[in-house]
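Reading through the structure tokens given below for one structure.
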């Protein structure tokens, strides 16, 4: 069993629904009614994404670096 660690992005839409994505895994996203629910859902989505890649012999992307920038406008 391999252990993976990914950065996720969580946003809240105008209806209050949380949306989470994993930028390193293109197309890997989910939603939830609460913050806790969206965290659980994105973990499941990432696991399924990795399992699907493995099943067809694709490589698993690994994050090399994560940076946060602050911009003044």
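The values are calculated or read from the model by the stated rules, or taken from the named source; none is laboratory data. Treat the numbers as computed from the prediction; the structure is a model and nothing was measured. Reconstructed Cβ throughout: ideal geometry from the backbone, glycine too, with neighbour counts over all protein chains shown.
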Seminar exercise, completed: By residue number, the members of the range 48-73 that are within 16 Å of residue 7 (Cβ to Cβ) and free of Cβ contacts under 8 Å to residues at least 24 places away in the same chain are 64, 65, 67, 68, 69
Problem set entry | Considering residues of the range 7-25 that are buried (at least 18 other Cβ atoms within 10 Å of the Cβ) and closer than 14 Å to residue 41 by Cα only, the residue farthest from the chain's Cα centre (by Cα) | 18
Exercise. Does residue 32 qualify as being modelled with pLDDT of 95 or more and on the phi > 0 side of the Ramachandran plot?
Worked result: no
Problem set entry | Restricting the range 26-39 to residues that are surrounded by fewer than 14 Cβ atoms within 10 Å (Cβ to Cβ) and under 15 Å from the mean Cα position of the chain (by Cα), the residue that is nearest to residue 7 (Cα to Cα) | 26
